[in-house]
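Trainee: Here's a structure for you.
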Amino acid sequence: MVCMSRVWKPCGLAAKLRRQVWSCRLAGFPVQHYSTKTAPHIPGMEYQDAICTLNTLQTNASSLEQVRRERSNPELQLQAMKGFLERAGLTVKELDHLNIIHVTGTKGKGSTCAFTEQILRGYGFRTGFYSSPHLVQVRERIRINGRPIGKDLFTKYFWQVYGRLDETKDAHDGTMPAYFRFLTILAFHVFLQEKVDLAVIEVGIGGAYDCTNIIRRPWVCGISSLGIDHTQILGDTIKKIAWQKGGIFKPGVPAFTVKQAEEAMDVLRDRAKKINCPLWVCPDFEDYQANCGSLKLGLAGQHQWSNASLALQLSHTWLQRRCRPDEKFLSTFVETSSIPEATPFTPSPSMKKGLADTEWAGRNQTIKHGAVTYFLDGAHTMRSMQACVNWFRETAAQQEANTSGPVARILLFNATGERDCAAMIKLLAPCHFDFAVFCPNITETITSCNADQQNFNVSVEHMLTRCLDNERSWRLHNSAGNTSGTPLLISDSLSLVPKEKADTLVFPCIFSALQWITQGRDPVLVDPSKKVMALKPSVIAKAAPLCDAEEIHVLITGSLHLVGGALKHLVPESSK
C-alpha cells in the first residue's frame, strides 16, 4: 500500500496556484477561482483547476533546464524519476505489485497495448492502462478497465500527488517533475490505489531512459514495429533506436518483438543477450488461424496484424505466469533465425473476442455524419503514413463505390516537431485529394477551449509557420505552379492562397477548417454558440465543389494532437 502518513500542507500551495491561474487565463480558457482550502479531500479544486496546474509543468523553466542537462547524461533521467517517485510517497518496490506489461516501439505500441488490455479484461481481470498522448482529455492516459478515470477520481489523485511533490520541492532545489513524468507517477499512484490486477504501460519515447523504465520487474515486455522518429533524443539510425527500445528488457523477464529490419533485430538480440533477457520473435498473424479460422480485429488496417500477434503473445505469457506460475515458461520454440520464433497457438474464445472488440480512437478510425465521412489516423512517421495511405485508399474506395454522385476528397493535415513533413506529404499525393487544408493543432480560436489540449511548449507563431511550410510542400509535390508562400492573417477573415491555385487553404484552427470543409453539412458542427469565421467571397466560392458533391470524405492525419482536436468537435461527448 502507498504510505499516506504525511500531512498535506495546503497554504503555500494555494498561494502559488492563485498566481498560476493567470497564465491559464492568458492561454485563452476560463478558470475558476482557487479556494484557499486546497487539500484533496476538501471541495473547491475542480478538474479544470487540476489540468491548469498540470499544464504549468510544461513551461516550468527549471524543469526544462533539468531535462536539457539530463539529455546529455541520460542515466540521470531514471535517477531523477526515482527521486520524484519517492517524493510522491511511492517506491520502486511497490511497482512490482502491479504485474506490469511494458511495451515500446515506434509504430503500433499503443494499438498493441489496447489489444492486450482488452484481451485480459475479457478474462475478468481488473486492468490499468497508461498511454500517451491523450486525444481530447488528459485523463484518457490513465484507464481502469478500459475507461478513462473519472474527473472526480483524477482530481482527487492529482492533488494527492502534486501536493506531496510541492511540499518537498524546497528541499530539492525547487524542482518539480515535468509533464510526462508527473503523469507517469500519477498513473502508478492511481493503479496502486485502485488495486488493479495488472497494468499495461506504454513507453513514452524510446525505452532505456524513458521515465516508465523505472519499472524493475515487469511480467513481460514487448517491442512493436521500429522506425525513425524522435531522432534528436533516440538517434538517427535504426540501430541506435533499436538500442534505446531494447532498454526495457529485464533479466529473466520474457520479451517479444515483431519482425524488424535485420540490423534492428541484430541489436535487439545482442541487447537481450547482454541483459540476460529471453527474447522471441512473434509469428505471423495468419499462423494463429490454422486451427480456429479467420480472426477479426477491431482495428482496421493490415498493419495491425503484427500488433495483434504481439498482443497475443504478451497476454498469453501474462496468463501463463498468473495462472500456471510453476510451469517452465515457453519450453518449446521454432529456431528460424538468430532470435527464436515463438510458437503460435490457438487463441481462446476470450482472446478472439478481445481482438475483435478492441477500440483505439484516432487510429484508422472512421466517423460518418450524414453526407460527411471522416477518416482519422494519427500517423506521424513515414512508415505509419504509408500504412495510413493504404488504409484510406482502400476504405474510401469501398465507400465511394456505393455512392451514385460525385465525392469530394479533402485532406486535413498538420505535423510538428522534427518530423519530415514534406516526405509525408509526398506519400499522400496518390490519394488524389480535391483540396488540401492545413491548420495548427489549435482546437479553436475562441476562449471556450479547455485546458486539456493546451500546449505551451510550442508557440502559435511556430505552429502557423509550419502550416505554411506544409502548404508549400503540398503545392511543390502536386503542381509545377507558383510556390510562393501563402499569407495567413488571423483576424476576421482568412487570406487566400494564390489565385492560380484553388486546391489548398490554411486555417488558424481546427474548428474553422472543419467548418469550411463541411459547409454546414455536418449537423454536429453546427453550433449556434460558436462563432462562424467570416470568409472572403473568393474563399467561399472555392467551396462550390463541396456543396455540389453528394458526399465529402475527409482524411485527418499527420498528428495525434490534430486528430484529438478534431475529435473534440466531432464527438462532443468526448469532452464531457
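Trainee: Looking at this model, which pairs from Lys107/Lys353; Lys245/Lys296; Lys156/Lys195; Lys239/Lys259; Lys259/Lys296; Lys426/Lys542 are more than 19 angstrom apart at the alpha-carbon? Numbers along the way, then the final one.
Mentor: Values: Lys107/Lys353 24 Å; Lys245/Lys296 29 Å; Lys156/Lys195 16 Å; Lys239/Lys259 15 Å; Lys259/Lys296 21 Å; Lys426/Lys542 24 Å.
Checking Cα-Cα distances, Lys107/Lys353; Lys245/Lys296; Lys259/Lys296; Lys426/Lys542 exceed 19 Å.
Trainee: Which order do Thr168, Thr112, Thr465 take by accessible area at a 1.4 Å probe, largest first?
Mentor: Values: Thr168 25, Thr112 0, Thr465 70 Å².
Putting Thr168, Thr112, Thr465 in descending order of accessible area: Thr465, Thr168, Thr112.
Trainee: Tell me, in nm to one decimal, what length is gained between Gln58 and Ser338 on full extension, where the rule is 0.36 nm per residue of separation less the Cα-Cα distance?
Mentor: Working: separation 280, 0.36 × 280 = 100.80 nm, distance 4.30 nm.
In short, 96.5 nm is gained.
Trainee: For the pair Asp270/His369, report the inter-label distance in nm, with labels modelled 7 Å from Cα in the Cβ direction.
Mentor: 5.2
Trainee: In what sequence, highest mean first, do 152-165, 385-398 appear when ranked by Cβ atoms within 10 angstrom? It would help to have the intermediate numbers written out before the result.
Mentor: Values: 152-165: 20.6, 385-398: 17.7.
Descending packing order for the listed peptides: 152-165, 385-398.
Trainee: Still on this structure: Rounded, prolate or oblate: which one fits segment 101-192, using the alpha carbon gyration tensor with axes a ≥ b ≥ c (rounded when a/c is under 1.5, else prolate when a/b beats b/c, else oblate)? List each step's numbers first, then the result.
Mentor: Numbers: a/c = 2.41, a/b = 1.76, b/c = 1.37.
It comes out prolate by the Cα gyration axes.
Trainee: Could I ask something else about it? Stretched out fully, how many nm does the piece from Ala290 to Asp170 gain, at 0.36 nm a residue minus the Cα gap? Write down the numbers at each step before the final one.
Mentor: Numbers: separation 120, 0.36 × 120 = 43.20 nm, distance 6.15 nm.
Taking Ala290 through Asp170 to full extension adds about 37.0 nm, to one decimal.
Trainee: Further, regarding this structure: For Asp284, what charge total do you get from the other residues with a beta carbon under 13 Å from its beta carbon, if Lys and Arg give +1 and Asp and Glu give -1? Working shown, then result.
Mentor: Details: positive: Lys259; negative: Glu286, Asp287, Glu341.
Surrounding charge for Asp284 is -2.
Trainee: Could you give the nm distance between label points at Lys536 and Leu468, where each point is 7 Å from its Cα heading toward the beta carbon?
Mentor: 1.5
Trainee: Starting from the Cα of Lys195, step 7 Å toward the Cβ, then list every residue of segment 112-143 with an amide N under 13 Å from that point.
Mentor: Counting backbone N atoms under 13 Å from the label point, the list is 126.
Trainee: A further question follows. Give the aspartates and glutamates whose C-alpha is closer than 15 Å to that of Lys536, dropping any in the same chain fewer than 8 places away, or say none.
Mentor: Cα-Cα hits under 15 Å: Asp492.
Trainee: Relative to a virtual label point 7 Å from the Cα of Glu461 in the Cα→beta-carbon direction, which members of segment 551-565 show backbone nitrogen distances below 14 Å?
Mentor: none
Trainee: How much length would be gained if the chain were fully extended between Phe345 and Ile233, taking 0.36 nm per residue of separation minus their Cα-Cα distance, in nm to one decimal?
Mentor: Gain on stretching Phe345 to Ile233: 36.5 nm.
Trainee: Two decimals is fine: what's Rg over Rh for segment 220-324, C-alpha atoms, Kirkwood radius as Rh?
Mentor: Here Rg/Rh amounts to 1.00.
Trainee: With +1 on each Lys and Arg Cβ and -1 on each Asp and Glu Cβ, and nothing else charged, work out how big the dipole of segment 71-119 is about its Cα centre, in Debye to the nearest 20. All intermediate terms of the calculation are to be shown ahead of the outcome.
Mentor: On the way: 6 positive and 5 negative charges, 45 e Å.
Using only the charged Cβ atoms, the result is roughly 220 debye.
Trainee: Work from the charge dipole of segment 158-279 (Cβ charges, +1 for Lys and Arg, -1 for Asp and Glu, about the Cα centre) and give the residue of Phe188, Gly222, Thr212 farthest towards its positive end.
Mentor: Checking the options against the dipole of segment 158-279, the answer is Gly222.
Trainee: Find out how many positive minus negative residues lie around Ile223, taking Lys and Arg as positive, Asp and Glu as negative, among other residues whose Cβ is under 9 Å from that of Ile223. Walk me through the numbers before you get to the answer.
Mentor: Values: positive: Lys109, Lys245; negative: none.
Residues near Ile223 contribute +2 overall.
Trainee: Between Gln79 and His432, what FRET efficiency follows from the Cβ-Cβ distance if R0 is 45 Å, with the result rounded to 0.05? Can you show the working numbers first?
Mentor: Details: r = 52 Å, r/R0 = 1.16.
Efficiency computed from Cβ-Cβ geometry: 0.30.
Trainee: Oh, and also: Under Stokes-Einstein, with the Kirkwood radius over Cα pairs standing in for Rh, what whole-number D in µm²/s applies to segment 367-454 at 25 °C and 0.890 mPa s? Before the final figure, lay out each step's value.
Mentor: Details: Rh = 14.9 Å.
Stokes-Einstein gives a translational diffusion coefficient of 165 µm²/s.
Trainee: Same structure again: How far apart, in nanometres, would the label points at Asp357 and Gln398 be if each is projected 7 angstrom from Cα along the Cα-to-Cβ direction?
Mentor: In this crude label model, Asp357 to Gln398 measures out at 2.2 nm.
The values are calculated or read from the model by the stated rules, or taken from the named source; none is laboratory data. Since we're looking at a predicted model, the values are computed, not measured. Note that we place each Cβ from the backbone using ideal geometry, even for glycine, and neighbour counts take in every protein chain shown. Remember, those area values only see protein heavy atoms, side chains included, never the ligands or the DNA or RNA. Shrake-Rupley method; radii C 1.70, N 1.55, O 1.52, S 1.80 Å.
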